[in-house]
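A.B. asks: First the structure, then my questions, so here it is.
The values are calculated or read from the model by the stated rules, or taken from the named source; none is laboratory data. All values reported here derive from a predicted model rather than from experimental measurement. Here the Cβ is made from the backbone with ideal geometry for all residues, glycine too, and neighbour counts use every protein chain on show. Surface areas here come from the heavy atoms of the whole protein model, side chains and all, with no ligands, DNA or RNA. Shrake-Rupley method; radii C 1.70, N 1.55, O 1.52, S 1.80 Å.
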Amino acid sequence: MGVQEHGNGIVGGNNKYRRMDFDASDEDIVLSNNHQYQEGVSVEKRDTKIYVFACAIFASLNSVLLGYDVGVMSGAILFIKEDLKISEVQQEVLIGILSIISLLGSLAGGKTSDVIGRKWTIAFATIVFQSGASIMALAPSFTILMIGRLLAGVGIGFGVMIAPVYIAEISPTAIRGSLTSFPEIFINLGILLGYISNYAFSGLPVHINWRVMLGIGILPSIFMGVALFVIPESPRWLVVQDRIEEARVVLSKTNDTDREVEERLAEIQLAAGLANPEKSETKAVWQELLKPSPAVRRMLIAGCGIQCFQQITGIDATVYYSPTIFADAGIKSKTHLLAATVAVGFTKTIFILIAIFLIDKVGRKPLLYISTIGMTASLLSLSLTLSFMSDGKFGIALAILSVCANVAFFSVGIGPICWVLSSEIFPLRLRAQASALGAVGSRVSSGAISMSFLSVSAAITVGGSFFLFSVISALSIAFVHTCVPETKGKSLEQIEMLFQNGGELQRGEVELGDVEVQRLMQKD
């Protein structure tokens, strides 16, 4: 077909992929672009890594807010219960409602980011969360505390949905996995800071300490004001808005050479349908999601499924209720309970840092196998420990070790990778709103687990609850094997091709020659 090889683009490059719906006019456009930068475009290399790295960090700051809330509430609830005299059911509602209500933010976030852009959706998420956190810190009653919690949940819903999408769309292919895992890294950092805050302020009077703990959560959002002057808009969103020159400027800051800039821009134009307008989809995005094609259905199963499994394996129960778990294991002192949670926070943070170095080297799927298998073993160990070996020093040590192992395996695999996958497997026209749908699945699952854990544990014991989580974790291993493709080293436009033929998902790649044969046979 006369396709030349250079770069990592969808046409040409060292890859084996190609859109199956290219026609002659598409090829002429891309080959024409290739010819242009062969003839006259500069190939002078730029150092763009620091800039892209900074953008990923700033875009991930909202995730600190979610992590901090998760971590700090696990300890603050002990003092809120004492100060406001709330019941066990009210505790469950207070903790779990944030995840449930955040689905509203996630649902609205997809459409919002398509209208006002990825960058300003990140800013909006920060403002909403900051308002909620301020109300919570000053709440004189449980009712006002819940109002603040609802606002914070909406802000978090926007934030967790948009950050991975933005980072995936601005990152070069070679390091996209590592950078897209930044939000999960910052969630873990937030959890650790929340645990430390619990321990540091637990000595204050009971009517003050939990307010200080919650109020400190406002601080990370202040840095978002600086971030808005640093991070650019997503080049893919700019292309969809037909702001091609602005997209080219952004791509020139995130790609090493002008040649790569033109390759990326040509790919994005084709994916957006701007290079061949008569082929653009006319169906509304939500209509396409509700009545998906076989390829889109496979994307939804993989993206939404991995989001749900991330939560229903019990990670939020482990993090939110770690003091309850350790109390059940035999630790009596509140100070010792909070100190044990700090150890969990450090473990979670260390292993998410390990994940960032492995995700683009080892690949997504191998890490998912390691993660889900390790979590299954850790959850089973915790279940057996709490059921048969609690109250002794050995039982306490084994319970802490099992919890730390569980969060370690979670953080090295399914924790960050679920966000990476859900932000990179969907085509450009569906990406924001499909990712929002996946985030909704994650938030609903998280809320269901958080709001039911104490009641379920009262019915079947804490050990029984974690045995149930271990069974679900075992099912996640089969899901990864069957439904999740390997996306390492592929551009966003290439990944779309993996789902065109469901039989190729196990191998995780589509041979260019096979695609050519299929296309020629279809024409014949």
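A.B. asks: Tell me, what HN-Hα J-couplings in whole Hz come from the Karplus equation 6.51 cos²θ - 1.76 cosθ + 1.60 at θ = phi - 60° for each residue of the range 164-178, using x for Gly and Pro?
C.D. replies: x, 5, 4, 5, 4, 7, 9, 8, x, 4, 5, 10, 4, x, 5
A.B. asks: Based only on Cα atoms, what Rg/Rh ratio does the range 376-425 have, Rh being taken as Kirkwood's radius? Mind showing how you got there, number by number?
C.D. replies: Values: Rg = 14.4 Å, Rh = 12.0 Å.
Ratio of gyration radius to Kirkwood radius: 1.20.
A.B. asks: Can you divide the C-alpha Rg of the range 138-191 by 2.2 N^0.38 Å and report the result to two decimal places?
C.D. replies: Values: Rg = 15.6 Å, N = 54, 2.2 N^0.38 = 10.0 Å.
So the Cα radius of gyration is 1.56 times the expected 2.2 N^0.38 Å.
A.B. asks: Around Ile191, under 11 Å between beta carbons, what's the net of Lys plus Arg minus Asp minus Glu among the other residues?
C.D. replies: Working: positive: Lys348; negative: Asp69, Glu184, Asp316.
Local net charge: -2.
A.B. asks: Highest mean first, what order results for 186-199, 413-426 on Cβ atoms within 10 Å?
C.D. replies: Values: 186-199: 25.6, 413-426: 28.6.
Result, highest mean Cβ count within 10 Å first: 413-426, 186-199.
A.B. asks: Here is a further query. In this model, which of Lys49/Lys488; Lys49/Lys111; Lys111/Lys348 are farther than 23 Å apart at the alpha-carbon?
C.D. replies: Details: Lys49/Lys488 19 Å; Lys49/Lys111 30 Å; Lys111/Lys348 33 Å.
Violating the 23 Å limit, Cα to Cα: Lys49/Lys111; Lys111/Lys348.
A.B. asks: Short version: ³J(HN,Hα) in whole Hz for each residue of the range 364-370, in order, from phi by Karplus 6.51 cos²θ - 1.76 cosθ + 1.60 (θ = phi - 60°), x for Gly and Pro, what are they?
C.D. replies: Computed from phi, the couplings for the range 364-370 are 6, 5, x, 5, 5, 4, 4 Hz.
A.B. asks: Cα-Cα pairs above 19 Å in the range 300-365: how many percent?
C.D. replies: Values: 1115 of 2145 pairs.
In whole percent, the long-distance tail amounts to 52.
A.B. asks: To the nearest 0.05, how large is the calculated FRET efficiency for Ser293 and Ser141 if R₀ is 45 Å and r is the Cβ-Cβ distance? Provide the component values of the computation, followed by the final result.
C.D. replies: Values: r = 51 Å, r/R0 = 1.13.
Rounded to the nearest 0.05, the efficiency is 0.30.
A.B. asks: If you add up the charges near Ile116, with Lys and Arg at +1 and Asp and Glu at -1, over every other residue whose beta carbon is less than 14 angstrom from its beta carbon, what do you get? Can you show the working numbers first?
C.D. replies: On the way: positive: Lys111, Arg118, Lys119, Arg243; negative: Asp114, Glu233.
Net charge around Ile116: +2.
A.B. asks: Can I ask one more? When only alpha-carbon atoms count, how far does the range 172-259 stretch along each of its three principal axes, as whole angstroms with the largest first?
C.D. replies: 61, 24, 19
A.B. asks: Within 14 Å, Cβ to Cβ, of Ser452, how many net charges do the neighbouring residues add up to if Lys/Arg are +1 and Asp/Glu are -1? Can you show the working numbers first?
C.D. replies: Numbers: positive: none; negative: Glu88, Glu92, Asp316.
Net charge around Ser452: -3.
A.B. asks: Given a 1.4 angstrom probe, I'd like the percentage of the accessible area of the range 302-454 that is carbon and sulfur, rounded to a whole number.
C.D. replies: On the way: 3420 of 4450 Å².
Percent of accessible area from carbon and sulfur atoms in the range 302-454: 77.
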